[in-house]
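Only one structure is covered here, and it is reproduced in the block below.
The values are calculated or read from the model by the stated rules, or taken from the named source; none is laboratory data. Just so it is clear, the structure is predicted and the values come from calculations on it, not from any experiment. Cβ: placed from backbone, ideal geometry, glycine included. Neighbour counts: every protein chain shown. In case anyone asks, the SASA skips ligands and DNA or RNA and just uses the protein heavy atoms, side chains included. Shrake-Rupley method; radii C 1.70, N 1.55, O 1.52, S 1.80 Å.
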Amino acid sequence: MSIEADILLQEAKESIEAAQNYKTELQQRLQDLNQARKQVKGSATQTREVLKQHFRDLGGVLTKLLDERLASLLLEVDTIEQNSIRPLDDCQKLIEQGVGTADELLREGEAALRCSIGGKDDKLCSFTKKALQIQLDSLPEVPSLVDVPCLSAQLDESLLGVLRERIFSHGTVASHPPVQIDELTERPGGIQVDDEFAAQDYRLQYRKGTSGLFEDVYVGQDMEYIVLHMDPNMDYQFRVCARGDGQREWSPWSIPQVAYTTLAPHEWSTGTEGYSLSSRRNMALRNDTALSRGVVLYSKAPTYFCGQTLTFQIITAGQVDKRDSIGVCVECVNGQETLQRDRAVCISTNGAVFVNGKEMTNQLPPFTMGCIVTFDMEMVNLYPVNNNLEGGSHKLRVTIGSGSREVVFDWLLDEPCDSLHFACSFAYPGWKVLVF
């Protein structure tokens, strides 16, 4: 085969490959187009059902409220009617009784006039006395019409106009594309959620498993959030929506994403004298026992690994002591009064940083209530280096952040360490620290 034929064959193969890639890209775009069409149709169907159900519920509530108001007004009419008719009925009974008495008196008078002359005087005398006793000139008082209630319904016709205006402006249909969750990262006992969309506010929800109701876990402006108190090896669904500056309506929910964490949660060790723990054992309070010395509280297990971020939050602050500190260590050493020792890295409450018990020249801000301190570590060298290096042959690069400042240094150890304990020590009560 000639060189020209080889070239033509190669070009043909390249053209076939390009055509195949072109076809694959077109098919992918067709899938994206179908997904977009599905999103429009699916969200439109869901929106219709939401609107119908909302207005059904609204109509039911309005009907119930109107019925309750009508019943209240009718009861008010019944009460006024009864209270107004009662004295009229009493007056009617009194008049009817007087009419009966007058009829009886008339019959007696007519009988006296018709009797014989011998007994006529006695009958007339008796009739006259009875007439005087009845007091024929005294009549019961009948109330004037101006004093009798006349009921009427006072209705504000403008209510219909107000309701019509509010109903016609009630509800809106938003067509903003939903924001999406950018990344889910497992953390010890939690999951970190990242969102790459810029918005004024975010609303993050999650639910355990794939059934049940979503519940709010965060509303705010942060584009990253750590959801704590996650059960390891359990699926969770997350979704997010957003709204722009000055807007009241939220965007549609993002497509739910499933995530889980295999990392055990950070927990303080139980049974340490001088400390009380929360129910989840991620918060420790220095109580009022053992005031004469400091006490080191360690983690339940070495759950901090290189490449992760270990975070401490000072919930409440107490009296400061130079031995106070929070940090990480290779092993738990009982009987220690401070974490400022060998094979440990820590920061004291006044901001001083200690590496293997030695204070560094760099210093961070002192601890205050609500402040957050973070530890980040990465392995720099997994193999033995120059044995002349003071302090060890394995190096971890440590970054400690507090407030807007941070310090970076290398921590030398005699042997590699896959995981570390975290710890704290406080000499006086009142200190409360959360770890995550």
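In summary, residue 291 fulfils each of the numbered conditions (1) of a type in the set (A, V, I, L, M, F, W, C); (2) open to solvent by 20 Å² or more (accessible area, probe 1.4 Å); (3) modelled with pLDDT of 90 or more with the single exception of condition (3). Which members of segment 254-275 meet the condition of being within 28 Å of the chain's Cα centre (by Cα) and farther than 19 Å from residue 181 by Cβ? Selection gives 262, 263, 264, 265, 266, 267, 268.
The criterion of at least 1 residues that are at pLDDT below 90 and among the aliphatic types (A, V, I, L, M) is met by the following strands (runs of 3 or more DSSP E) wholly inside segment 236-277: 236-243, 257-259. If the condition is being open to solvent by less than 80 Å² (accessible area, probe 1.4 Å) and either more than 25 Å from residue 79 (Cα to Cα) or hydroxyl-bearing (Ser, Thr, Tyr) (or both), then segment 140-161 contributes 140, 144, 158, 161. Does residue 85 satisfy being hydrophobic (A, V, I, L, M, F, W, C), within 30 Å of residue 147 (Cβ to Cβ) and assigned to a helix (DSSP H, G or I)? So residue 85 fits the description; yes. Give the residue, chosen from 68, 108, 49, that is more than 30 Å from residue 167 (Cβ to Cβ) and of a type in the set (D, E, K, R). 108 is the lone residue from the list that is more than 30 Å from residue 167 (Cβ to Cβ) and of a type in the set (D, E, K, R).
The residue that is nearest to residue 230 (Cα to Cα), among those in segment 206-216 that are surrounded by fewer than 19 Cβ atoms within 10 Å (Cβ to Cβ) and at pLDDT 80 or above, is 208. Quick one: is residue 167 of a type in the set (A, V, I, L, M), open to solvent by 70 Å² or more (accessible area, probe 1.4 Å) and modelled with pLDDT of 70 or more? When the stated conditions are applied, residue 167 passes them.
Take residue 283 and decide whether it is surrounded by fewer than 22 Cβ atoms within 10 Å (Cβ to Cβ) and closer than 18 Å to residue 409 by Cβ. Answer is no for this residue.
When the residues of segment 238-247 are filtered to those that are within 17 Å of residue 218 (Cα to Cα) and not aliphatic (A, V, I, L, M), the one that is farthest from the chain's Cα centre (by Cα) is 244. When you scan segment 170-180, do you find a residue that is over 22 Å from the mean Cα position of the chain (by Cα), modelled with pLDDT of 75 or more and not polar (S, T, N, Q), even just one? Checking segment 170-180: at least one residue is over 22 Å from the mean Cα position of the chain (by Cα), modelled with pLDDT of 75 or more and not polar (S, T, N, Q). Here residue 379 fits the description: part of a strand (DSSP E or B) and modelled with pLDDT under 90. Within segment 189-204, does at least one residue satisfy the condition of being open to solvent by 30 Å² or more (accessible area, probe 1.4 Å), at pLDDT 80 or above, assigned to a loop (DSSP other than H, G, I, E, B) and on the phi > 0 side of the Ramachandran plot? No: segment 189-204 contains no residue that is open to solvent by 30 Å² or more (accessible area, probe 1.4 Å), at pLDDT 80 or above, assigned to a loop (DSSP other than H, G, I, E, B) and on the phi > 0 side of the Ramachandran plot.
Taking segment 254-280 on its own, how many of its residues are out of contact with any strand residue (DSSP E or B) (no Cβ under 9 Å at 6 or more places or on another chain) and either of a type in the set (S, T, N, Q) or open to solvent by less than 50 Å² (accessible area, probe 1.4 Å) (or both)?
1
Can you find a residue that is closer than 30 Å to residue 254 by Cβ and not β-branched (Val, Ile, Thr) anywhere in segment 8-26?
Yes, segment 8-26 contains at least one residue that is closer than 30 Å to residue 254 by Cβ and not β-branched (Val, Ile, Thr).
Considering each residue of segment 348-355 in turn, none proves to be in contact with a His (Cβ under 8 Å, 6 or more places away or on another chain) and either in contact (Cβ under 8 Å) with a residue 24 or more places away in the chain or assigned to a strand (DSSP E or B) (or both).
Pick from 123, 130, 52: which is in contact with a helix residue (DSSP H, G or I) (Cβ under 6 Å, 6 or more places away or on another chain), of a type in the set (Lys, Arg) and either free of Cβ contacts under 8 Å to residues at least 12 places away in the same chain or farther than 30 Å from residue 252 by Cα (or both)?
123
Pick out the one residue from 335, 307, 318 that is assigned to a loop (DSSP other than H, G, I, E, B), touching a residue at least 24 places away in the same chain (Cβ under 8 Å), more than 20 Å from residue 429 (Cβ to Cβ) and of a type outside the set (Phe, Trp, Tyr). After applying the criteria, what remains is 307.
Which one is nearest to the chain's Cα centre (by Cα) among residues in segment 326-338 that are more than 14 Å from residue 417 (Cβ to Cβ) and modelled with pLDDT under 95? The extreme case among them is 338.
For residue 362, state whether it is under 28 Å from residue 281 (Cβ atoms), under 42 Å from the mean Cα position of the chain (by Cα) and at pLDDT below 95. Against the criterion (under 28 Å from residue 281 (Cβ atoms), under 42 Å from the mean Cα position of the chain (by Cα) and at pLDDT below 95), residue 362 does not qualify.
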